[in-house]
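Trainee: Here it is: the structure, laid out below.
The values are calculated or read from the model by the stated rules, or taken from the named source; none is laboratory data. Quick caveat: nothing in here was measured; it's all calculated off a predicted structure. Counting neighbours? That spans all protein chains shown, and the Cβs are built from the backbone with ideal geometry, glycine included.
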Protein chains: 2
Amino acid sequence: MKVAMTGAAGFLGQRFISRVLADPTLPTPNGPEAVEELRLFDVIRPALPAGADTAQEALTIVTQVGDITCADDLAQLLGDSVDVVIHLAAVVSSAAEADLDLGLRVNLDGTRMLLEACRGLTRPPMVIFASSVAAYGGSLPDVVTDDTALTPQSSYGAQKAIGEQLINDFSRRGLIDGRVLRLPTIAVRPGRPNAAASSFASSIIREPLQGEDAVLPVAEDLLLYLLSPRAVVRNMVHALGIPGSAFGTWRSVMLPGCTVSVGEMLSALARTGGSDVRSRVRHEPDSRIEAIVGSWPARFDTTRATALGFDGDGDIDAIVEAFLEDDCTAGIHQ
Amino acid sequence: MKVAMTGAAGFLGQRFISRVLADPTLPTPNGPEAVEELRLFDVIRPALPAGADTAQEALTIVTQVGDITCADDLAQLLGDSVDVVIHLAAVVSSAAEADLDLGLRVNLDGTRMLLEACRGLTRPPMVIFASSVAAYGGSLPDVVTDDTALTPQSSYGAQKAIGEQLINDFSRRGLIDGRVLRLPTIAVRPGRPNAAASSFASSIIREPLQGEDAVLPVAEDLLLYLLSPRAVVRNMVHALGIPGSAFGTWRSVMLPGCTVSVGEMLSALARTGGSDVRSRVRHEPDSRIEAIVGSWPARFDTTRATALGFDGDGDIDAIVEAFLEDDCTAGIHQ
């Protein structure tokens, strides 16, 4: 099995690669298969997570620095054949809001160019596309489902909704075998704050537990819908094994997250780290962040996702615990 | 008021132009305004409907042959300023299904290029975009609303859904003041059959009334959702007068059509033209047409459209009558 990945330098890409290094077998609709080749693509050279140097000899890892809107770069990435394309490359929400042209170029043109490149392969690849809760917005029902209209209130959300249409139409035409995973807000993300409007949702847990201060730009009663990085990767892997027909006439599915208020996140932080750790979070309202994140729904009926075998974390304590186990291995900085 | 129109050679464009020639005043959210300039753009030279030669001297009409994906052509069309852009240019449903590249180029790139061109104007123009019932599809509720997810089962529908996202995002950002009208199947369209999968819905009324045979490619129990050309133009004009804020957080609205089975259409044909006229329709099933048109819903709750002041034809007899009055002026060919 040959797997190509865009956005491979990002934290989800890195975690997926670690999963393959730890266990170079992935599900397919026809049963598990060994990964023979991992082609990693990004605008910067994707790092190889720990374990890459001791990986099995049967697994070839190729890294490529390229532009996702460059047909030649994509042709090089895909070669003559590839079994799975995992498309994670994106300009994130605040960045796409600040620069419409950049967002359109990477999120719309990039996705389209990648799909065009797939048409040149000897057989249609499976394509996993990371969409987002940000594709929802505006006037929404109390409980959102996969059947709720995508009326996003950010350019990032609009561009993800457009990507979903392209993945679905190319799948319907048999040019690819696509699966769209709408990701909840991912927390706790490892690393440093980024230009995602939801970056704070990781910062307010991650930084205090590591001895640093964090800024909360939204009110404590704001509801979020969260999924841990480990659960995202588990669901990405799961998606590879589902037959396309199981999705019916639409390949998009909202992954099951955990509905939690920012206040409940801070309470979980205090439960895990104590009140000193909790006190490292200070409130500095940012209306720009509140406008974007506040437009995302936080209550979902994920019956369809559950029926397809996807699953979430459970509760906010499990999400904090996942961070401690996966990324905060030095322990809590009291 | 300066009005630019793409797809001006098409039947809806032509009928809108006739409306302006008959009454060179259009509504705006600030009250009626005289049209000073009408800029007509298409891939072929747009004809000027009857009345153009005797139009008021105060109305300048310019026709332009151009490529909607050519930035220079669009810059020429829009000039320094334009108040209203009516975007009708499209590759229709069967053609977009037969040629994915052509549909993506005109329906996606063309719409995007037009919106990009609007960013260069001295102030944001109002943009009317013709979307379609074809943007719906797949697993749908019994009664569809503006809040139903767009899960189209044709490339044309996917491309219209993408256009809707772009119009909405550019409107939200204040780059344009957009309105998206989702058109029901338009019948009875004047002229000859075209590459729209729904072309038969006009043919089975138009051809028999004019003494010609027509082919019905679908079953008589297929339900359609119809709107007459005159009602489309009336609703397009009406949309110009609605304040953007009245649309709330989403600029798309499904226009109120008329739910009717093909069998009921044939009964209306017999009521109007007699049994000999009715017998000019012969059934030749076409699974390709049935697959596309059968994916479009036919029952809608258009409460929102009605609240915004849009309205339909009433019933199938009114639709046939509109054709006789507007386009079949030589009378019924018995």
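Trainee: Limited to segment A:151-178, what total is found for residues that are of a type in the set (Asp, Glu), more than 7 Å from chain B (Cβ to nearest Cβ) and assigned to a helix (DSSP H, G or I)?
Mentor: Adding up the residues that qualify gives 1.
Trainee: Answer yes or no as to whether B:Asp53 is surrounded by fewer than 17 Cβ atoms within 10 Å (Cβ to Cβ) and either within 20 Å of the chain's Cα centre (by Cα) or within 14 Å of chain A (Cβ to nearest Cβ) (or both).
Mentor: No; evaluated as a whole, the condition is false for this residue.
Trainee: Within segment A:205-212, is there a residue that is among the acidic types (Asp, Glu), touching a residue at least 40 places away in the same chain (Cβ under 8 Å) and more than 21 Å from A:Ser261 (Cβ to Cβ)?
Mentor: Among the residues of segment A:205-212, at least one is among the acidic types (Asp, Glu), touching a residue at least 40 places away in the same chain (Cβ under 8 Å) and more than 21 Å from A:Ser261 (Cβ to Cβ), which makes the answer yes.
Trainee: OK, next. Of all residues in segment A:138-150 being within 7 Å of chain B (Cβ to nearest Cβ) and not aliphatic (A, V, I, L, M), which is farthest from B:Ile167 (Cα to Cα)?
Mentor: Restricting to residues being within 7 Å of chain B (Cβ to nearest Cβ) and not aliphatic (A, V, I, L, M), the top hit is A:Asp147.
Trainee: Of everything in segment A:82-114, what is in a loop (DSSP other than H, G, I, E, B) and either within 26 Å of A:Val293 (Cα to Cα) or at pLDDT below 95 (or both)? Give them in sequence order.
Mentor: Hits for segment A:82-114 are A:Leu88, A:Ala89, A:Ala90, A:Val91, A:Val92, A:Asp99.
Trainee: Out of curiosity, is B:Leu21 of a type outside the set (Val, Ile, Thr) and part of a strand (DSSP E or B)?
Mentor: It is false that B:Leu21 is of a type outside the set (Val, Ile, Thr) and part of a strand (DSSP E or B).
Trainee: Considering only segment A:195-212, state which residues are among the hydrophobic types (A, V, I, L, M, F, W, C) and either in contact with a Cys (Cβ under 8 Å, 6 or more places away or on another chain) or closer than 18 Å to A:Gly331 by Cβ (or both).
Mentor: Matches in segment A:195-212: A:Ile205, A:Leu209.
Trainee: Among the numbered criteria (1) at pLDDT below 95; (2) more than 14 Å from every other protein chain (Cβ to nearest Cβ), which single criterion is violated by B:Ala291?
Mentor: Only one criterion is unmet by B:Ala291, namely (2).
Trainee: Something else now. Considering segment B:115-137 alone, what residues qualify as being within 12 Å of chain A (Cβ to nearest Cβ) and part of a loop (DSSP other than H, G, I, E, B)?
Mentor: Selection gives B:Arg119, B:Tyr136, B:Gly137.
Trainee: Identify, please: which residue in segment B:179-202 is in a loop (DSSP other than H, G, I, E, B) and out of contact with any Ser or Thr (no Cβ under 7 Å at 6 or more places or on another chain) and is, among those, farthest from the other protein chains (Cβ to nearest Cβ)?
Mentor: Within segment B:179-202, the match that is farthest from the other protein chains (Cβ to nearest Cβ) is B:Pro190.
Trainee: Hey, another quick one. Pull up segment A:300-316, narrow it to residues that are more than 11 Å from A:Met254 (Cα to Cα) and exposed (fewer than 15 other Cβ atoms within 10 Å of the Cβ), then point me to the one that is modelled with the lowest pLDDT.
Mentor: Only one residue tops the list, namely A:Gly314.
Trainee: Within segment A:105-133, how many residues turn out to be more than 15 Å from A:Gly178 (Cα to Cα), within 14 Å of the chain's Cα centre (by Cα) and small (Gly, Ala, Ser)?
Mentor: 1
Trainee: Hey, can you tell me all the residues within segment B:56-76 that are over 21 Å from the mean Cα position of the chain (by Cα) and part of a loop (DSSP other than H, G, I, E, B)?
Mentor: B:Gln56, B:Glu57, B:Ala58, B:Leu59, B:Cys70
To keep it simple, each residue is scored yes or no on (1) more than 20 Å from the chain's Cα centre (by Cα); (2) part of a strand (DSSP E or B); (3) within 14 Å of another protein chain (Cβ to nearest Cβ); (4) of a type in the set (Val, Ile, Thr).
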residue	(1), (2), (3), (4)
A:Val215	yes, yes, no, yes
A:Asp221	yes, no, no, no
A:Tyr225	no, yes, no, no
A:Ala231	no, no, no, no
A:Arg234	no, no, no, no
A:His238	no, no, no, no
A:Ser245	yes, no, yes, no
A:Trp250	no, no, yes, no
A:Val253	no, yes, yes, yes
